[in-house]
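Every read-out reported here was derived from the displayed coordinates using simple, explicitly stated rules and does not represent laboratory data. In this text, all values refer to a predicted model and were calculated from it rather than measured experimentally. Backbone-built Cβ (ideal geometry, glycine too); neighbour counts: all protein chains shown.
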Amino acid sequence: MTNTFLTIVANQNFKYDESVDFLKNHFYLDIANSTILSDNAISFEIRDFDESKKTHMKKVFTQKKIDFCFLDKFKIPSKIFLCDMDSTIIKNETLDDLVKMCGAEARVIDETSRLAMEGKIDIKSTLSSRVSLLKGKPKSMIEDVIKGIKYNQGSNTLIKTLNNNKFNTYLITGGFKPISTYVGERLEFQNIISNEFEFENDNTFKGTYVPIAGEKNSKLEFMRKLSAEKDVEFKDFVALGDGANDLGMLQNSGLGIGYNSHKIIKDNIETQINFTDLTSVLYFLQIKKEDFIR
Ligand SMILES: [Mg+2]
């Protein structure tokens, strides 16, 4: 049996000794080693971790508003980072923002986007119908959406630090170029994988788009292609996302993380960021705050 890392992160500082005592006394963990990653993040190396303790531990951590991650000591992914855009690296749902500018009828249809992210309806059909609402509208609306983009806390540090740690970083989004290009370049992602709007005469929306990964247009499909191309196994992928269309890539990555995610992701993915910011991904990968790139 190999040792397991348990990383805990909170929005407030931990008292180190108290945290160690708490873990020992409540969960009877055999702690081989520990690393203070920052004032608010500690990693514990647990000997012969008994997985059946997880359910209870998750419950207690959640009550205490602590984000946590269990990771086999020798299975820390280190090669590829796949990151969702809308409601993950940025606060916005950028297609929603565009569609809202199209008026009342559009807003009704727009409700389908929430259902798609919850996995209740098929994402491809809702995407096509929502993009078709943009037909004939000026391309300049994109500028307005870009002006309204708000980045989630920690986004800059996350991508810069992963780049610096030799990760190949991918922004992979069901959102659209050129919005994704803007966000991806600003945050210094090395690659941007995105749907792409089609335009007429370069100034009005055609109401159609070119999908990410061909017919299937899925992030998991792209991941399969990338894995073969780069000869990198899924276990060396880290993926981050919040919606139903991220589920496949999160489930198949060495470390899949939900960020303020929809229920379908919470129900199926163990590691979640619910209380802290995006830099928790770095702590989960055992990177110390003093090594962050800002
Ligand atoms: Mg999303």
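Residues checked against (1) more than 23 Å from Asp122 (Cβ to Cβ); (2) surrounded by 19 or more Cβ atoms within 10 Å (Cβ to Cβ):
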residue	(1), (2)
Thr204	yes, no
Tyr209	no, yes
Ser218	no, yes
Ala228	yes, no
Phe237	yes, yes
Asp242	no, yes
Thr271	yes, yes
Tyr283	yes, yes
Asp291	yes, no
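Identify all residues within the range 234-263 that are touching a residue at least 40 places away in the same chain (Cβ under 8 Å) and within 10 Å of the ligand (Cβ to nearest atom); write none if there are none. Full working, then the answer.
Step one: filter the range 234-263 for residues touching a residue at least 40 places away in the same chain (Cβ under 8 Å), giving 235-247, 249, 253-255, 257, 259-260, 262-263.
The answer is Leu240, Gly241, Asp242, Gly243, Ala244, Asn245, Asp246, Tyr259, Asn260, His262.
Among the residues in the range 12-30, are any without any contact (Cβ under 8 Å) to a residue 40 or more places away in the chain and under 20 Å from Lys75 (Cβ atoms)? Show your work before the answer.
As a first pass, look at the range 12-30 and keep what is without any contact (Cβ under 8 Å) to a residue 40 or more places away in the chain: 12-30.
So of that shortlist, the ones also under 20 Å from Lys75 (Cβ atoms) come out as 29-30.
Within the range 12-30, one or more residues are without any contact (Cβ under 8 Å) to a residue 40 or more places away in the chain and under 20 Å from Lys75 (Cβ atoms).
In the range 115-200, which helices (runs of 4 or more DSSP H) lie fully inside it and hold 3 or more residues that are over 27 Å from Asp291 (Cα atoms) and within 21 Å of the chain's Cα centre (by Cα)?
On the way: elements: 123-132, 141-147, 155-164, 179-186.
Where helices (runs of 4 or more DSSP H) fall fully within the range 115-200 and carry at least 3 residues being over 27 Å from Asp291 (Cα atoms) and within 21 Å of the chain's Cα centre (by Cα), they are 123-132, 179-186.
Has the range 181-200 got at least one residue that is crowded, with 21+ Cβ neighbours inside 10 Å, hydroxyl-bearing (Ser, Thr, Tyr) and closer than 21 Å to Gly248 by Cβ?
Yes, the range 181-200 contains at least one residue that is crowded, with 21+ Cβ neighbours inside 10 Å, hydroxyl-bearing (Ser, Thr, Tyr) and closer than 21 Å to Gly248 by Cβ.
Can Lys65 be described as more than 16 Å from the ligand (Cβ to nearest atom) and surrounded by fewer than 20 Cβ atoms within 10 Å (Cβ to Cβ)? Outline the logic, then answer.
Numbers: more than 16 Å from the ligand (Cβ to nearest atom): yes; surrounded by fewer than 20 Cβ atoms within 10 Å (Cβ to Cβ): yes.
Yes.
Find all pairs meeting these conditions: Cβ atoms under 6 angstrom apart; at least six residues apart or on different chains; first residue within the range 157-177 and within 16 Å of the ligand (Cβ to nearest atom); second residue in a helix (DSSP H, G or I) and among the hydroxyl-bearing types (Ser, Thr, Tyr).
Thr173/Ser180; Gly175/Thr94
Which ones in the range 68-106 are away from the ligand (no atom under 16 Å from the Cβ), part of a strand (DSSP E or B) and hydrophobic (A, V, I, L, M, F, W, C)? Write out each step before concluding.
First, pick out the residues of the range 68-106 that are away from the ligand (no atom under 16 Å from the Cβ): 68-80, 100-106.
Then keep just the ones that are part of a strand (DSSP E or B); that gives 68-72, 80.
The answer is Phe68, Cys69, Phe70, Leu71, Ile80.
For the range 142-156, enumerate the residues that are touching a residue at least 60 places away in the same chain (Cβ under 8 Å) and surrounded by fewer than 17 Cβ atoms within 10 Å (Cβ to Cβ). Break it down stepwise before answering.
Step one: list which residues in the range 142-156 are touching a residue at least 60 places away in the same chain (Cβ under 8 Å), which gives 150-156.
Listed by number, the residues that qualify are Lys150, Tyr151, Gln153.
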